[in-house]
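Data block below; observations after.
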């Protein structure tokens with residue numbers, strides 16, 4: 001069944017409205033007709049099954065049939081911090097990690113980042129990344145769309161790491177295999193305020209992190225981890241780490 005995220009003002013009372021690209025997709029691509037049912041969510045606190053009543057140029061209106069539970073988000077809140085990679089690799093990371101359940105993406109600049117950061121292009125890239133996250137969240141039947149930050153510097157990332165319960169620093173020179181133990185220890189302790197455990201995954205650029213960055217991350221309280229004996233591509237590392245976290249937190253291998 002098709003699922004669409006809309007701003008809260010487009011889901012009010014017993015009526016849902018799709019406009020723009022969403023309306024075009026449902027009407028022209030999916031060839032929906034009045035009477036068909038879809039799912040609409042505001043990405044915050046409401047998700048509903050609706051029945052299409054009006055299909056017009058650039059507008060679809062649907063009547064609420066019933067409220068649906070908001071229960072598809074993971075039991076753990078995961079932030080993916082990805083050093084800006086070349087080409088469209090970050091788009092792949094955002095798409096696949098959104099499907100897997102990531103809550104936030106933090107692109108950052110590190111010592112070996114080879115991408116030339118262009119502030120003038122930032123708004124356009126953020127718009128592109130947000131669209132990819134929205135479409136991936138719809139495809140995965142998630143209740144919320146992950147947040148995507150604008151690129152930050154290394155020092156700012158280390159400050160953000162202190163806002164999490166566990167910051168994992170993916171480092172190819174780490175000889176230990178403590179990921180499972182670190183996760184088990186963290187997940188066994190409930191948050192004092194009742195919120196979901198918050199875990200940050202830090203992934204370096206194509207050339208990896210420097211020894212200085214590893215030392216600075218450790219000094220900031222980050223835990224260095226290995227993802228195995230093989231060297232993973234930068235876009236693979238985030239997905240691998242996130243999959244491990246989701247498995248260890250009970251999000252995989254159970255009925256949906």
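The values are calculated or read from the model by the stated rules, or taken from the named source; none is laboratory data. Quantities reported herein were computed from a predicted structural model and do not represent experimental measurements. Positions of Cβ are generated from backbone atoms using ideal geometry, with glycine treated the same way; all protein chains shown enter the neighbour counts.
In the stretch 60-84, what residues are part of a loop (DSSP other than H, G, I, E, B) and under 18 Å from residue 149 (Cβ atoms)?
Taking the stretch 60-84 first, the residues part of a loop (DSSP other than H, G, I, E, B) are 69-76, 84.
84 - this is the single residue of the stretch 60-84 that is part of a loop (DSSP other than H, G, I, E, B) and under 18 Å from residue 149 (Cβ atoms).
If a residue counts only when it is out of contact with any strand residue (DSSP E or B) (no Cβ under 9 Å at 6 or more places or on another chain) and modelled with pLDDT of 95 or more, which helices (runs of 4 or more DSSP H) contained entirely in the stretch 85-193 have at least 1 such residues?
Per the criteria, 89-100, 122-139, 154-161.
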**Report entry** Search result, residues across the stretch 194-215 that are part of a strand (DSSP E or B) and surrounded by fewer than 19 Cβ atoms within 10 Å (Cβ to Cβ)
**Finding:** 198
Requested in this report: Filter the stretch 157-193 for residues that are closer than 26 Å to residue 89 by Cα and either under 18 Å from the mean Cα position of the chain (by Cα) or crowded, with 18+ Cβ neighbours inside 10 Å (or both) and give the result.
Outcome: 157, 158, 160, 161, 164, 166, 167, 168, 169, 170, 171, 179
Requested in this report: Could you grab me the full set of residues in the stretch 216-228 that are within 26 Å of residue 95 (Cα to Cα) and in a loop (DSSP other than H, G, I, E, B)?
Outcome: 222, 226, 227, 228
Query raised in the report: Of all residues in the stretch 3-59, which are in a loop (DSSP other than H, G, I, E, B) and buried (at least 16 other Cβ atoms within 10 Å of the Cβ)?
Result: 6, 32, 36, 42, 43, 46
**Report entry** Subset of the stretch 71-118 (residues that are surrounded by 20 or more Cβ atoms within 10 Å (Cβ to Cβ), under 13 Å from residue 152 (Cα atoms) and over 9 Å from the mean Cα position of the chain (by Cα))
**Finding:** 81, 82, 83, 106, 107, 108, 110, 113
